[in-house]
Each structure stands twice: as structure tokens, then as C-alpha cells.
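The values are calculated or read from the model by the stated rules, or taken from the named source; none is laboratory data. As the structure is a computational prediction, the values presented were derived from the model and not from experiment. Reconstructed Cβ throughout: ideal geometry from the backbone, glycine too, with neighbour counts over all protein chains shown.
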Amino acid sequence: MKRPSLQPRYRRVVLKLSGEMLGQDKGDPICAKRIAGIARQVKEVRALGVELGIVIGGGNIWRGSFSREIERATSDFMGMLATLINGLALQDALEREKVFTRVLTAIPMPQVAEPFIRRRAMRHLQKGRVVIFAAGTGSPFFSTDTTAALRANEIGAEVLLKATKVDGVYDRDPLKDPRARRFARVRYLDALKRRLKIMDSTAFSLCMDNRIPIVVFDMLKEGNLRRAVLGERIGTVVGD
């Protein structure tokens, strides 16, 4: 049997994690075991020499009915602060794995993280450090999906890896319909025509216009991040 190549297909990537990926279902918003598992997978990818930026959502901390009671811009800023909390938690887990990490925030907070400066971020990546992009874009009304697409373009990433709890993109909800079919690959325009919910429209347009492929995959399975970076057939690839 031919062994799979250990040569990464992508040399610089942005990984998008939802805030829910860090917590337990109906449990703690930040689960030490879950976040340690993510850190181990990131360490595997760094060992391949891949430059890695990470964008984390904040939905495990700030989401739900109460957030709708608050004025939208204020609520969005609160969500951005939640992403910084998640970023600091992941930084701690990564550094326990001896992975050098920097948190860069779009909202200046010099006591806890460096301000986001594009050239500084790229320099950290070149030095082999994992860069966590926190506090979204720094402006309300933009999702962390949009942040991930924006940062991927800014740092010249070759791919945007969207980590989820499902194994790809389906033509319908697989939890509701057993006939749901998973796509191995789908073109940008086809995804738009089918109204597949991959990312929000702003994020999707940024990737489509600049031809950054999106890989949607299940990161809860150990080793899947490494497989995605190696270019193995995993999840769903969205691109030209």
C-alpha cells in the first residue's frame, strides 16, 4: 500500500473555529479537554512547517436570547471581547504544548494582547509562531466568518479551513433527512445557486473574489486538521 505524502498541500492557512468548538454541549463554555485536543492538532500541523493563523468565534460565551435584548452594535462588541477570552484560552493550551503563539486583537488591549498589525502578523508567521486573530474585525456588524476571510486575504493564506462538528457540506440538513448527500467538492457559483450555508455572504464573497478555497471539515475527529492541510480527501472543498 502506498503511504500518503507528508508534504503539506498548503503552506500558509487560516483556521476558523466556532466558539462552540471550545466548549461542551450544554456544559462549560470552555472545556479544558476539548481545547487541549485542538492544541494537539495545531501542534501536529506546525510540525509540518505550516504557517497557521486562527480565528475563533465567541458564541460559546456570548449568544442567545439575552443578546437580542441589547442594541446590536453593543452586542457585537461584547461578542468581540468573548473571542479574545477564547483566544487567550487557546494560547494557554498551545503554549502548554510548547507551541509559540501570539494573540493579535483588533480592539487594542495592550495589557493582554498585541494590536493587530498586518505586517507584524506576517512576521510572527514567518518566525514559526501560531497567530490567533481576536476581537473580530474591530467593527460591529461583521461576523467572525468575515474576519477569517479578511485575515486570510490580508496574510496571503492559501486556504481557509472551516472547522465544524459535521464532516462537510450537505445538500440538506443530515440531522433531519437521512437522504442528505455530502459534497466532496463544490464550486463557488454552485454553492450560491444551491444556497448552501457555508459562510455568511460577505465572507463567502471575499473568498470567491480572491479565489481562496474553503475546506469544511469535522475537527472533532483527532488528526483531521493534519489531513486537511496535507490535502487528503476530507470534508468538502469549496472553490473554482
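Checking each residue in the range 213-240 for being aliphatic (A, V, I, L, M), crowded, with 20+ Cβ neighbours inside 10 Å and at pLDDT 95 or above picks out I214, V215, V216, L225, A228, V229, V237, V238. In the range 72-108, of all residues being closer than 20 Å to S143 by Cα and of a type in the set (D, E, K, R), the one that is surrounded by the fewest Cβ atoms within 10 Å (Cβ to Cβ) corresponds to R72. Note on the range 130-240: enclosed strands (runs of 3 or more DSSP E) holding 3 or more residues that are out of contact with any Asp or Glu (no Cβ under 6 Å at 6 or more places or on another chain) and closer than 27 Å to R72 by Cα are 130-134, 159-164. From the list K16, K43, which residue is touching a helix residue (DSSP H, G or I) at 6+ places or on another chain (Cβ under 7 Å) and at pLDDT 95 or above? K16 is the lone residue from the list that is touching a helix residue (DSSP H, G or I) at 6+ places or on another chain (Cβ under 7 Å) and at pLDDT 95 or above.
Checked against (1) at pLDDT below 95; (2) closer than 15 Å to A106 by Cβ; (3) not polar (S, T, N, Q), K165 passes all but condition (2).
Listed here are the residues, each with its yes/no results for (1) closer than 27 Å to N60 by Cα; (2) basic (K, R); (3) loosely packed, with under 14 Cβ neighbours inside 10 Å.
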residue	(1), (2), (3)
Q126	no, no, yes
A134	yes, no, no
T137	yes, no, no
R181	no, yes, yes
D190	no, no, yes
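One line per residue, one yes/no per condition, for (1) hydrophobic (A, V, I, L, M, F, W, C); (2) buried (at least 19 other Cβ atoms within 10 Å of the Cβ); (3) touching a strand residue (DSSP E or B) at 6+ places or on another chain (Cβ under 8 Å); (4) farther than 26 Å from D200 by Cα:
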residue: Q7; (1), (2), (3), (4): no, no, no, yes
residue: Y10; (1), (2), (3), (4): no, yes, yes, no
residue: M21; (1), (2), (3), (4): yes, yes, yes, no
residue: A32; (1), (2), (3), (4): yes, no, no, yes
residue: A36; (1), (2), (3), (4): yes, no, no, yes
residue: V42; (1), (2), (3), (4): yes, yes, yes, no
residue: E51; (1), (2), (3), (4): no, yes, yes, no
residue: G59; (1), (2), (3), (4): no, yes, no, no
residue: W62; (1), (2), (3), (4): yes, yes, no, no
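Candidates L48, L81: the one that is in contact with a Pro (Cβ under 7 Å, 6 or more places away or on another chain), under 24 Å from E154 (Cβ atoms) and modelled with pLDDT of 95 or more is L48. Within the range 175-200, if we keep just the residues that are closer than 17 Å to M219 by Cβ and of a type outside the set (V, I, T), the residue that is nearest to the chain's Cα centre (by Cα) turns out to be M199.
Take the residues in the range 24-46 that are assigned to a helix (DSSP H, G or I) and basic (K, R), then tell me which one is farthest from D92 (Cα to Cα). Here the residue is R46.
Can you find even one residue in the range 157-168 that is surrounded by 15 or more Cβ atoms within 10 Å (Cβ to Cβ), touching a strand residue (DSSP E or B) at 6+ places or on another chain (Cβ under 8 Å) and farther than 20 Å from V237 by Cβ? No, there is no match, as no residue in the range 157-168 is surrounded by 15 or more Cβ atoms within 10 Å (Cβ to Cβ), touching a strand residue (DSSP E or B) at 6+ places or on another chain (Cβ under 8 Å) and farther than 20 Å from V237 by Cβ.
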